[in-house]
Amino acid sequence: MSHDAIRYATSDDGVSIAYERIGRGPPLLYARGWISHLELQRRTPAIERFFGPLRGRRSVLRYDTRGNGLSSWDVPQPITREALIADLAAVAHTIDEPFDLWATTYAGPLAIEFAAAH
């Protein structure tokens, strides 16, 4: 699968959030569950097969939340709901056109709160 390079966005509280874009087309921001590591996901065939069908139709942005994967690990504690929404917002602010938001597991309520505010 074609990947762009890992990029970094900065949250409002100064945390570096790793993200990437895969595929081409209208943007789809994917907010996932707690544990993630973009580089390891690239090496996981099942995850790549999951996103593969989207690559010709959508530009999927996925990211590691603070304290995970390639994002900053030295972060303010405790990690709050507001902080996790700030991670989502940091990546969302890199998109310069309307986008769809797709969330799984615990990120669902965070995405709803983000969408309601924006």
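Observations on the model:
- Each Lys or Arg adds one and each Asp or Glu takes one away; over the other residues whose Cβ falls under 12 Å from the Cβ of Trp102, this sums to +2.
- Residue-wise HN-Hα coupling along the range 72-77, computed from phi with Karplus coefficients 6.51, -1.76, 1.60 (Hz; x: Gly, Pro): 4, 9, 8, 10, x, 10
- Alpha-carbon Debye profile of the chain, log10 I(q)/I(0) at 0.15, 0.19, 0.21, 0.23 Å⁻¹: -0.61, -1.01, -1.24, -1.48
- Listed residues Gly23, Gly14, Gly67, most fluctuating in the chain (Gaussian network, C-alpha, under 10 Å): Gly14
- Here each label is just a point 7 Å from Cα along the line to Cβ, and for Ala46 and Tyr8 those points are 3.1 nm apart.
- Residues listed by number, the range 63-79, amide nitrogen under 13 Å from Ile95 label point at 7 Å toward C-beta: 63
- Area accessible to solvent at Ser11, 1.4 Å probe radius, in Å²: 10 Å²
- With R₀ set to 30 Å, the beta-carbon distance separating His37 from Ile112 gives a calculated FRET efficiency near 0.75.
- A probe of 1.4 angstrom, applied to the heavy atoms of all protein chains, finds Thr10 with accessible area near 100 square angstrom.
The values are calculated or read from the model by the stated rules, or taken from the named source; none is laboratory data. Here the structure is a predicted model, which is why all the values come from computation and not from measurement. Using ideal geometry, Cβ is built from the backbone for each residue, glycine included, and neighbour counts are taken over all protein chains shown. For the accessible areas, the whole protein counts, side chains as well, though only heavy atoms, and no ligand, DNA or RNA atoms are used. Shrake-Rupley method; radii C 1.70, N 1.55, O 1.52, S 1.80 Å.
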